[in-house]
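Notes to accompany the following structure.
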Amino acid sequence: MSRSRRIAIVGAGVAGLSLAVLAIQRGFQVSVYERNSTVASMGAGVTLWSNAMYVLRKMGVDSEIERVGGAPDYMHQYDQLGTLQGEFDIQAVNALSGFTSTTVLRRDLMQILARHLQDLGGQIYFGCPMTLEKIDVLRQGFDLVVGADGRMNSVARQALFSDSVRPRYQGFINIIGVSQLGEHRLGNAIHDIRGAQGRFGIVPVREGACYWAAAWRAELDKTRPVSDWYDEMDRRFGQFCAPVQRVLDAREASSLNRIFVHDLDPLPYWHQGNLVIIGDAAHAPLPMSGQGACQALEDAWHLACLLDEKSELEEALADFYQRRITKVTAAQNVGRQLAQRIFAPDSKAETPVPAMSPQQLSDFWMLGLERA
């Protein structure tokens with residue numbers, strides 16, 4: 001990118017901080033604007049599959065994340081009574097891709113990214129909520145403005161599409177949280193537990209810590225007190241197997257969050273002039289895809305590389321969209337298909353969802369990235 005190489009990034013989430021780090025490493029001048037007073041840490045935890053670890057290695061933070069995270073060997077699917085229904089070998093995917101999939105609490109991931117940005121001399125301006133007028137001001141003062149401001153209320157996306165693009169509610173909620181299990185550890189496997197009352201996923205991290213999500217079909221009702229939703233969770237999953245009960249008993253109250261799960265339909269473009277959107281602002285997938293943070297990291301990697309390689313901004317941004325749209329759309333479609341199978345009214349919750357083979361999954365995750 002020619003001229004002075006000055007970039008403004010709106011949003012200090014995974015996509016925004018990662019792009020800031022990668023751009024500064026390439027000699028760009030970067031300013032990050034965050035509406036909150038601290039680095040955002042919404043979400044209990046993140047599973048960083050091979051493609052995410054590829055980018056984090058390029059950033060130089062993979063070892064630090066592996067130290068604070070976990071490395072699951074398998075994904076096990078159970079019925080609500082705890083009977084094993086299926087198994088997926090994560091180690092096999094790791095071996096094929098050359099990277100170790102890592103589970104990490106979101107607060108730990110965000111602290112590492114923010115600290116690395118600070119070490120590079122990057123600046124985050126907190127308490128800076130965006131408006132369309134402020135986006136215009138940034139566009140006049142910077143060579144490039146990047147909207148990394150999330151799926152639900154992205155002002156940068158609104159600047160591109162006005163009110164014609166809105167996130168779509170997919171008919172179910174997630175209640176997420178973190179638990180410290182102490183001696184009742186889960187072993188080194190992700191647990192996917194399904195029954196007539198919903199789905200409960202548990203992801204071990206380290207030293208007995210785990211993050212989890214309870215999900216079921218629900219009407220979008222923001223008038224109902226959040227505490228009522230938590231009570232309903234306890235009722236729905238009260239008869240599930242022992243691991244679920246231990247997680248619920250050990251939950252950190254401050255970590256709980258109720259999320260009405262939305263995603264985005266694929267967009268026809270992500271940029272106009274010197275404004276571009278990335279991450280969830282551009283292509284938010286459902287959590288079933290397991291690829292939200294991973295695809296945000298890939299966005300940051302590809303955009304930083306293209307900005308560095310291309311002399312013309314328009315060419316870099318157009319190539320960025322063409323390079324990314326097929327893969328992120330596939331991740332969106334996978335998330336919707338899995339959600340339909342799990343939460344459709346006539347679905348059979350006890351039936352294992354067919355999985356891709358380790359080779360297919362590795363090929364998909366590493367598409368467009370170099371092998372280790």
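Computed from the coordinates by the stated procedures, all read-outs in this text should not be read as laboratory data. As the structure is a prediction and not an experimental result, all values here were calculated from the model. Reconstructed Cβ throughout: ideal geometry from the backbone, glycine too, with neighbour counts over all protein chains shown.
Given 0.36 nm per residue, what is the gain on full extension from Leu84 to Val137 after removing their alpha carbon distance, in nm? Let's see the in-between values first.
Working: separation 53, 0.36 × 53 = 19.08 nm, distance 5.61 nm.
Using 0.36 nm per residue and subtracting the Cα-Cα distance, I get 13.5 nm.
For the chain, what does the relative contact order come out to in percent, with C-alpha contacts under 8 Å and a separation of six or more? Write out the running numbers ahead of the final one.
Values: 750 pairs, mean separation 90.3, N = 372.
Value for the chain: 24 percent.
At a 10 angstrom cut-off on C-beta neighbours, averaged per residue, how do the peptides 98-105, 268-275, 247-254 rank from highest to lowest?
On the way: 98-105: 22.9, 268-275: 17.2, 247-254: 14.9.
Highest to lowest by the protection proxy: 98-105, 268-275, 247-254.
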- Query: Can you give the relative contact order of region 244-314 as a percent, counting alpha carbon pairs under 8 Å and 6+ residues apart?
  - Reply: 24 percent
- A correct Karplus calculation of ³J(HN,Hα) over region 134-148, with 6.51 cos²θ - 1.76 cosθ + 1.60, θ = phi - 60°, whole Hz and x for Gly and Pro, returns 5, 4, 4, 5, 4, 5, 7, x, 10, 5, 9, 10, 10, x, 10
- Note on the structure: Relative contact order as a percentage, region 1-151, C-alpha pairs under 8 Å and 6+ apart, gives 41 percent
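Which loop-located chymotrypsin sites (Phe, Trp or Tyr not before Pro) does region 126-167 contain, where loop means any DSSP state but H, G, I, E or B and the Cβ has at most 16 other Cβ atoms within 10 Å? Mind dumping the intermediate values first?
Values: sites: Phe126, Phe142, Phe161; in loops: Phe126, Phe142.
Within region 126-167, the qualifying chymotrypsin sites (Phe, Trp or Tyr not before Pro) (loop, at most 16 other Cβ atoms within 10 Å) are Phe126.
Report, in debye and to the nearest 20, how large the dipole of region 160-233 comes out about its Cα centre when Lys and Arg carry +1 and Asp and Glu carry -1 on their Cβ. If you can, show how the numbers build up before the last one.
Values: 9 positive and 9 negative charges, 53 e Å.
Result for region 160-233 is approximately 260 debye, rounded to the nearest 20.
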- Task: Calculate the dipole size of the chain relative to its Cα centre from +1 charges on Lys and Arg beta carbons and -1 charges on Asp and Glu beta carbons; express the result in debye to the nearest 20.
- Result: 320 debye
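What do you get for Rg/Rh over the chain if you use C-alpha atoms and the Kirkwood form of Rh?
Result: Rg/Rh = 0.96.
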- Say a paramagnetic label sat at a point 7 Å from the Cα of Phe126, along Cα to Cβ; which residues of region 3-33 have their backbone N under 19 Å from it? 9-18, 20-21, 31-33
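Sorted by mean Cβ packing within 10 Å, highest first, what order do the peptides 91-97, 54-60, 358-364 take? Provide the component values of the computation, followed by the final result.
Values: 91-97: 19.0, 54-60: 20.9, 358-364: 16.4.
So the peptides 91-97, 54-60, 358-364, ranked by packing, come out 54-60, 91-97, 358-364.
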- Query: For the chain, what is the percent of antiparallel DSSP beta bridges, rounded to the nearest 5?
  - Reply: 65 percent
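As an exercise, identify the chymotrypsin sites (Phe, Trp or Tyr not before Pro) in region 207-250 lying in DSSP coil whose Cβ has no more than 14 other Cβ atoms within 10 Å. Write down the numbers at each step before the final one.
Values: sites: Tyr211, Trp212, Trp216, Trp229, Tyr230, Phe237, Phe240; in loops: Phe237, Phe240.
Within region 207-250, no chymotrypsin sites (Phe, Trp or Tyr not before Pro) qualify (loop, at most 14 other Cβ atoms within 10 Å).
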- Task: Between Gly150, Gly208, Gly182, find the one with the highest GNM mean-square fluctuation for the chain; connect C-alpha pairs within less than 10 Å.
- Result: Gly182
- Taking the chain and counting helices only, DSSP H stretches of n ≥ 4 at -39,500 (n - 2.57) each over all residues, the nearest-500 ellipticity at 222 nm comes to -12000 deg cm²/dmol
- Identify the residues of region 54-91 with backbone N under 14 Å of a label point that sits 7 angstrom from the Cα of Gln111 along the Cα-to-Cβ direction, or state none. 64-69
- Note on the structure: With the charge dipole of the chain built from beta-carbon charges (+1 for Lys and Arg, -1 for Asp and Glu) about the Cα centre, the Cα from Trp212, Met75, Tyr169 projecting farthest to the positive end belongs to Tyr169
